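The values are calculated or read from the model by the stated rules, or taken from the named source; none is laboratory data. Model, not experiment: these values are computed from the prediction. Please note: Cβ atoms are built from the backbone with ideal geometry, for glycine as well, and neighbour counts cover all protein chains shown. With ligands, DNA and RNA removed, areas are computed over all heavy atoms of the protein, side chains included. Shrake-Rupley method; radii C 1.70, N 1.55, O 1.52, S 1.80 Å.
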Amino acid sequence: MSSTTLTDWAYPLAESLLSEPLPRRWAHSQGVAERARTIASILGPDADLMEAAAVLHDIGYSPDLAKTGFHPLDGARYLRDVAHADERLVRLVAHHSCAWMEAEARGMRDELENEFPREQPHLADALCYCDMNTTPDGTPTNPVDRVNEIAGRYGPDSLIGKFIRRAEPEILACTARVVDRLSAAKRQPM
């Protein structure tokens, strides 16, 4: 059996798809993976899965992959159909950061949910936490500033601007649940 981890496989794939055409998106993805490493203690055996999902979550923006214009779906389809990735990894990418709400705004929710069942809620929360605590340049931030940055970048009346404001309460709830889990883990006796 090989000692290669999902993360070992994921980094070069994400880099090959994002680093040249979208260097800022690549920096963001690396930052999201860095956030995943900071919460590994609450993920147990899924820590490697989370870091791999974190570095791959935005590959659907790659010009080579963008087919529908909805990056979670484009990325997940590539991971499933071309890269033959782990099914749980594919589902996390498909549903990252409240993607179902954006899919609904695009009229694609049934397509997303029929094709890709959701992953365990605590893992979806963790990936949302990592994404929403990372700036477009890959540095740490907080979810309130991140949502404001996204709304400002796309414009409040754009599909993304409206989606991110609609998703904001759930994004904040996801990140709060992760912080609660981190806090509970720190309170555990050694």
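Summing -39500 (n - 2.57) over the DSSP H runs of n ≥ 4 in the chain and dividing by its residue number, what mean residue ellipticity at 222 nm do you reach, to the nearest 500 deg cm²/dmol? Value at 222 nm, helices only, nearest 500: -20500 deg cm²/dmol.
Rounded to the nearest 20 debye, the dipole size of the stretch 50-135 about its Cα centre is 40 debye, using +1 on the Cβ of Lys and Arg and -1 on the Cβ of Asp and Glu. Taking a ≥ b ≥ c as the square roots of the Cα gyration tensor eigenvalues, the stretch 129-186 comes out oblate, since a/c reaches at least 1.5 and a/b does not exceed b/c.
Largest mean-square fluctuation among H84, H95, H28, in a Gaussian network model of the chain whose springs join Cα atoms under 10 Å apart, belongs to H84.
Dipole magnitude for the chain: about 480 debye, using +1 per Lys or Arg Cβ and -1 per Asp or Glu Cβ, origin at the Cα centre.
For a Förster distance of 30 Å, can you work out the FRET efficiency between the beta-carbons of N114 and N148, rounded to the nearest 0.05? E between N114 and N148, to the nearest 0.05, is 0.35. Measuring nothing but protein heavy atoms, the accessible surface of the chain at 1.4 Å probe radius is 54 percent carbon and sulfur. What the chain shows is 47 Å² of accessible area per residue, with the surface traced by a 1.4 Å probe over protein heavy atoms.
Spin-label model, L172 to R187: label points 7 Å out along the Cα-to-beta-carbon direction sit 2.2 nm apart.
Taking a ≥ b ≥ c as the square roots of the Cα gyration tensor eigenvalues, the chain comes out rounded, since a/c falls below 1.5. Calculated FRET efficiency, R24 to V82, Cβ-Cβ distance, R0 = 22 Å: about 0.40 to the nearest 0.05.
You can think of it this way: the chain between D180 and E15 has 56.2 nm of extra reach, that is 0.36 nm per residue less the Cα-Cα gap.
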